[in-house]
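The values are calculated or read from the model by the stated rules, or taken from the named source; none is laboratory data. No experiment lies behind these values; they were computed from the predicted model shown. Every residue, glycine as well, gets a Cβ built from its backbone with ideal geometry; the counts of neighbours run over all protein chains shown.
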Amino acid sequence: MATRFYLVPKAGTGQTIDDVYRPKYFMNGLGQGLIAGAIVAMDYGLEPVFLVAADVTNAEHTTINANSDVTALPLNIDLAVGVNLATVTGKLDALGLPSDWVDATTTYRQILRKVTQFMQLAQRLHGLFNLRVLPVGISLNSTVGSLSANQRQKLADAIASFPNGTASEITAGMTIRAALKTLADQIAFAPKLLDTDL
């Protein structure tokens, strides 16, 4: 088995114990694993995305990766994005994860670290205020000023709940993608997923 990383859709309604939010292809509605190995997953708050670290066999990886809504990272996460830049940034943006900070020299490990920071911010916004990072009608290219005053305040409150977190650099004219990157950069903690330090 090898530890591999995936971005997958969120399954489940999260409304009942029999239909918990879960990473598609990895867990059933009761939160039980669908693969033989260990699974660690983080969701992107209320956005429909999970980051998964899983110990998978080659056969399991082939089966999971065959799904068009799965983004599998290379086994060697210390590789640079290189010629895959357009593909990588396109997939991140499609999932609501800002990508304009990624260049050809960025490693997949660096991407994973930043994705976990985006996810921690989104989880905080969900946990404290039951709000999405990208409310209905808002995209990464929308401006912060297009959020309601309440949404802007809750976003500021969410980052302020982290040590030394502040929204002081966020302006109404910034894009959501720039604001999320500015806020996520302040989140120092990057988790260990299975046996992999990010």
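Structure data summary
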quantity: Meets criteria (hydrophobic (A, V, I, L, M, F, W, C), in contact with a helix residue (DSSP H, G or I) (Cβ under 9 Å, 6 or more places away or on another chain) and within 29 Å of Ala54 (Cα to Cα)) for Leu147; calculated: no
quantity: Filter pass, Val20 being within 23 Å of Leu134 (Cβ to Cβ) and without any contact (Cβ under 8 Å) to a residue 24 or more places away in the chain; calculated: yes
quantity: Of all residues in segment 32-57 being in a loop (DSSP other than H, G, I, E, B) and within 12 Å of the chain's Cα centre (by Cα), the one that is surrounded by the fewest Cβ atoms within 10 Å (Cβ to Cβ); calculated: Pro48
quantity: Candidates Thr105, Thr116, Thr143 - the one that is hydroxyl-bearing (Ser, Thr, Tyr) and within 19 Å of Lys10 (Cα to Cα); calculated: Thr116
quantity: Residue match in segment 15-30 (condition: touching a Phe, Trp or Tyr at 6+ places or on another chain (Cβ under 9 Å), outside the structural domain of Phe129 (by TED's automatic domain parsing), under 20 Å from Pro191 (Cα atoms) and charged (D, E, K, R)); calculated: yes
quantity: Matching entry among Gly29, Gly14 (being in a loop (DSSP other than H, G, I, E, B) and surrounded by 15 or more Cβ atoms within 10 Å (Cβ to Cβ)); calculated: Gly29
quantity: Which listed residue, of Leu73, Leu79, is touching a residue at least 60 places away in the same chain (Cβ under 8 Å) and in contact with a strand residue (DSSP E or B) (Cβ under 9 Å, 6 or more places away or on another chain); calculated: Leu73
